[in-house]
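The values are calculated or read from the model by the stated rules, or taken from the named source; none is laboratory data. Worth saying up front: this structure is predicted, and the values here are computed from it rather than measured. Here the Cβ positions follow ideal geometry from the backbone for every residue, glycine too, while neighbour counts run over all protein chains shown.
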Amino acid sequence: MVYVNGRFVPPESALIPVTDRAFLFGDGVYEVIFGRAGRFAFWDLHMSRLARSSAEVEIPILQDSATWLSVARQLWNDAACTTGSLYLEVSRGVAPREHHFPEVVQPSTVAFVKPAAEPEPRIAQGVRAILLADQRWLRCDIKSVNLLPNVLAREQARRQGAREAILVRDDMLTEGAATNLFVVRRGELWTHPANHLVLPGITRHVVLEEARRLGLAIRLEPYARADLSQADEIFVTGTTSHLLPIAEIQGEWQAPGPGVVTSRLHDAYMTRLARELDVAPSVASSAG
């Protein structure tokens, strides 16, 4: 089933008017939350980010966290999958096509659950990435449905046999097309500061917490493309990617396998994720 504006309907009946501003302008925000056995990881962090994104673009969200959890409960029970991801979207709503905000409009809401792969218990050899110019807008901190530059970057990566596209702005690495980027150099963990040029990833946030717990040196600074050859380890993080080591970047950098820091953080994150799913509110057991 799909949740659309307060109703649970079959996918073929999940209809949005063509004048919805998410369709016409990309005027909406969203979240993706990983779940297992009816429990969703880092729920409160995702709800906080959804609230922040909506506030930044002035879209009122009428559902509170408890309401979203009730929606997730029904969707999860219908999906009947072991691991999955919950997609939530809120648009400004349906209105005549004018660029300025409509004076009176009801926000549109959509949610559904789809199966997601179980995270790897052990790190694989890593994946290939390419480098591309970061052509996104200057408010990447908002989790907006405006994802066309990300889509084009991912498609170019796919055509070149790569898993991810690492984006470059002013000769500095920002993040992946759908992930946050980490670089390990001489034992220090580098990642772009959480400003308007990157998304404040939930997995990124948790990995940084685990890095601090492990006593790793952290540098919240953008990493220069010119210094790629000096990087010891590189990995990316995301809600459904979890923690994914990079083995090669477009012939400019490669590694024989995941390094010590990447492996430690992978294990720490997997432990934290499992613990989080153990204590997260159960949407399956509380059905009805």
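Observations
- Residue in the stretch 194-215 that is under 21 Å from residue 257 (Cα atoms) and either of a type in the set (S, T, N, Q) or not in a helix (DSSP H, G or I) (or both) present: no
- Boolean, residue 178 is under 19 Å from residue 49 (Cα atoms), under 12 Å from the mean Cα position of the chain (by Cα) and part of a loop (DSSP other than H, G, I, E, B): yes
- Residue pairs meeting the criteria (Cβ under 7 Å; at least 6 apart or on separate chains; first more than 19 Å from residue 34 (Cβ to Cβ) and touching a residue at least 60 places away in the same chain (Cβ under 8 Å), in the stretch 49-76; second outside any helix (DSSP H, G or I) and of a type outside the set (S, T, N, Q)): 56/142; 57/29; 57/142
- The single residue among 250, 254 that is in the same structural domain as residue 171 (by TED's automatic domain parsing) and free of Cβ contacts under 8 Å to residues at least 24 places away in the same chain turns out to be 254.
- Scanning the stretch 10-29 for residues that are β-branched (Val, Ile, Thr) and in contact (Cβ under 8 Å) with a residue 60 or more places away in the chain yields 16, 19, 29.
- For the stretch 1-118, the strands (runs of 3 or more DSSP E) that sit wholly inside it and include 3 or more residues that are of a type outside the set (Asp, Glu) and within 30 Å of residue 275 (Cα to Cα) are 28-36, 83-91, 108-115.
- Here 189, 214, 197 are screened, and the one residue that is exposed (fewer than 14 other Cβ atoms within 10 Å of the Cβ) and either under 19 Å from residue 235 (Cβ atoms) or hydrophobic (A, V, I, L, M, F, W, C) (or both) is 214.
- Residues located in the stretch 76-97, provided they are over 20 Å from the mean Cα position of the chain (by Cα) and closer than 25 Å to residue 21 by Cα: 92, 93, 94, 95, 96, 97
- Among the residues of the stretch 133-171, those that are more than 19 Å from the chain's Cα centre (by Cα), not in a helix (DSSP H, G or I) and not polar (S, T, N, Q) comprise 133, 161, 169, 170, 171.
- Residue list for the stretch 123-143, restricted to those being of a type outside the set (A, V, I, L, M, F, W, C) and either within 23 Å of residue 39 (Cβ to Cβ) or touching a strand residue (DSSP E or B) at 6+ places or on another chain (Cβ under 7 Å) (or both): 125, 126, 128, 134, 143
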